[in-house]
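Here the structure comes first, spelled out in structure tokens, and everything after it is commentary.
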Amino acid sequence: VERAIHFLRQVCEALREAHGIGLIHRDIKPGNIFASHLGGVWDVAKLLDFGLVKSTEISAHGEEDKSIVGTPLFAPPEWMHDH
């Protein structure tokens with residue numbers, strides 16, 4: 001449990017950093033979290049696959065992007081309900 005929490009905290013930090021520069025990942029799932037080591041430190045989480053990233057900037061037409069993206073199995077229930 002402690003190790004899982006350790007990885008999740010790192011993933012949350014990565015998401016906070018991405019959100020801080022205006023990016024939303026849109027496909028968070030176990031397959032996009034890689035357990036690695038860096039400089040002799042083990043259990044370094046790497047958040048992968050920013051291929052579906054979305055900018056938080058409003059489009060030129062002021063429209064919200066409601067396209068379906070990511071892996072439906074890992075989508076939040078409220079997202080599936082709204083789309």
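The values are calculated or read from the model by the stated rules, or taken from the named source; none is laboratory data. Computed from a predicted model, the values in this text were never measured in an experiment. So basically every Cβ, Gly included, is an ideal-geometry build from the backbone, and we count neighbours across all protein chains shown. Surface areas here come from the heavy atoms of the whole protein model, side chains and all, with no ligands, DNA or RNA. Shrake-Rupley method; radii C 1.70, N 1.55, O 1.52, S 1.80 Å.
Qualifying chymotrypsin sites (Phe, Trp or Tyr not before Pro) in segment 1-47, where qualification requires a DSSP coil assignment and no more than 14 other C-beta atoms within 10 Å, are lacking entirely. When all protein chains stay in place and ligands, DNA and RNA are ignored, the 1.4 Å accessible-area order of VAL11, VAL1, largest first, is VAL1, VAL11.
If you rank ASP27, ASP49 by how much accessible surface each has, with a 1.4 Å probe, what is the order from largest down? Working shown, then result.
Working: ASP27 15, ASP49 70 Å².
From most exposed to least exposed: ASP49, ASP27.
In plain terms, the chain from ALA18 to TRP42 could stretch by 6.4 nm, reckoned as 0.36 nm per residue minus the Cα-Cα distance.
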